[in-house]
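Down below is the structure, laid out as structure tokens.
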Amino acid sequence: MITKIADNLFQVKIPLPNSPLQSLNSYFLIGPERNLIIDTGMNRPECLQAMQQALQSLGLDLERTDLFITHLHADHLGLTGRLHRPGRRVYFNRPDAQRMAGDGRWEELFAFGLQNGVPSESLQAITKDHPGKKYEPTGRLDFTILDDGDQLAAGGYSFQCLATPGHTSGHLCLYEPQRRFLIAGDHILDDITPNIQLWNWQENPLARYLESLARVESLEVELVLPGHRRLIHDCRQRIAQLREHHRARLAEVLAILEDGEMDAFTVASRMTWDISPDWESFPVLQWWFATGEALSHLRYLEQEGRLRREKRQEKVVFARVA
Ligand SMILES: [Zn+2]
């Protein structure tokens, strides 16, 4: 489905089959000489087909089209290798590009899950089905790196790059100060909450995310163009809701740990989730994402001095600081 948002700016819905996200919002900016596509969909036939139909309907020539990718997740980056043409640019951020380039990143990720209580018998299904791994781009991508504050012109608009770490460590939004558009990737979503996950002890993604929300809150935004679901007209109201969501989550995690020390997987199993009535019937992959989400809250509380983190043989547990 293609919707015209403004002059030379179109939203294209790319279906994401079997994903609770439902679809990805790709944005096309059409210019007299160059076009820009923002975010692409997963590297799978259903996404490629929808993308090809949209290219045809809007008469976009890939030979004259650059790409901008908000962050490294496969639903945004996955099709990049298929759409990229030699000599055209793929704009991307430095931290996510470095993560992609790292050897053994999946092995490290899965080892981290085990350390945090994800049952080893479920790991095979998780490694097989993880959408980030299954639908990641093929081939080597040469990125043109954009940093915070860099400008990007497309479709007659002039965008500012806005580093918004949290959902990933390098997540970039694009802000257009004249029209007050914010191309938000997965930083701000409606209906669903952007997931904030932790997969290594060097980071504190929830703290970064809350800072990034405050940063966007200070901007004048009339229209948020998110990476999934519907457009958002009241940016500040949505930011307030997202902040409240995490405040409640942090309180929930602290309350769970009143029962004594436990690992992140066990904490996740006791948190409230809205996708399915009970933890045992969750798809195994949702256990994985829930554990990552629990971890970002545990880590935040640890850094605040409310929890301590300890090793018990191979496992990591958290306990309340009295
Ligand atoms: Zn994402």
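The values are calculated or read from the model by the stated rules, or taken from the named source; none is laboratory data. Keep in mind it's a predicted model, so treat the numbers as computed, not measured. Heads up, the Cβs are rebuilt from the backbone with ideal geometry, glycines too, and the neighbour counts pull from every protein chain shown.
Taking the options L146, L172, name whichever one is away from the ligand (no atom under 15 Å from the Cβ) and either buried (at least 16 other Cβ atoms within 10 Å of the Cβ) or under 19 Å from the mean Cα position of the chain (by Cα) (or both). Show your work before the answer.
Numbers: L172 fails: away from the ligand (no atom under 15 Å from the Cβ).
Exactly one residue qualifies, and that residue is L146.
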**Complete:** Per the filter on region 27-70, residues touching a Gly at 6+ places or on another chain (Cβ under 9 Å) and at positive phi are D39, G41
**All positions within region 84-101 that are modelled with pLDDT under 95 and either in a loop (DSSP other than H, G, I, E, B) or touching a helix residue (DSSP H, G or I) at 6+ places or on another chain (Cβ under 6 Å) (or both)** = H84, R85, P86, G87, R88
**Item:** All positions within region 165-191 that are under 20 Å from L9 (Cα atoms), assigned to a loop (DSSP other than H, G, I, E, B) and out of contact with any His (no Cβ under 7 Å at 6 or more places or on another chain)
**Value:** P177, Q178, R179, R180, I188
**Prompt:** Within region 304-320, which residues are free of Cβ contacts under 8 Å to residues at least 24 places away in the same chain, assigned to a loop (DSSP other than H, G, I, E, B) and loosely packed, with under 12 Cβ neighbours inside 10 Å?
**Reply:** G305, Q313
**Request:** Determine the pairs where a residue that is at pLDDT 95 or above, located within region 64-75, has a partner that is near the ligand (Cβ under 8 Å from one of its atoms) and assigned to a helix (DSSP H, G or I) with Cβ atoms under 9 Å apart, the partner being 6 or more residues away or on another chain.
**Result:** I69/H76; T70/H76
**Message:** It is to be established whether one or more residues within region 102-112 are closer than 23 Å to L172 by Cβ, assigned to a helix (DSSP H, G or I) and in contact with a Phe, Trp or Tyr (Cβ under 6 Å, 6 or more places away or on another chain).
**Reply:** yes
**Prompt:** Assuming L123 fulfils every condition listed in (1) part of a helix (DSSP H, G or I); (2) touching a Gly at 6+ places or on another chain (Cβ under 8 Å); (3) exposed (fewer than 15 other Cβ atoms within 10 Å of the Cβ) apart from one, which condition is it?
**Reply:** (3)
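Mind listing whichever residues of region 191-202 are within 16 Å of the ligand (Cβ to nearest atom) and either surrounded by 15 or more Cβ atoms within 10 Å (Cβ to Cβ) or within 20 Å of L72 (Cα to Cα) (or both)?
Narrowing region 191-202 to residues within 16 Å of the ligand (Cβ to nearest atom): 191-199.
Correct list: I192, T193, P194, N195, I196, Q197, L198, W199.
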**Request:** Spot the failing condition for A214; the list is (1) closer than 25 Å to H71 by Cβ; (2) small (G, A, S); (3) surrounded by 14 or more Cβ atoms within 10 Å (Cβ to Cβ), and only one is missed.
**Result:** (3)
**Request:** Identify, from the list F112, F92, the residue that is within 16 Å of the ligand (Cβ to nearest atom) and in contact (Cβ under 8 Å) with a residue 12 or more places away in the chain.
**Result:** F92
**Request:** Inspect all residues belonging to region 17-25 and state whether any of them is touching a Leu at 6+ places or on another chain (Cβ under 9 Å) and surrounded by 23 or more Cβ atoms within 10 Å (Cβ to Cβ).
**Result:** yes
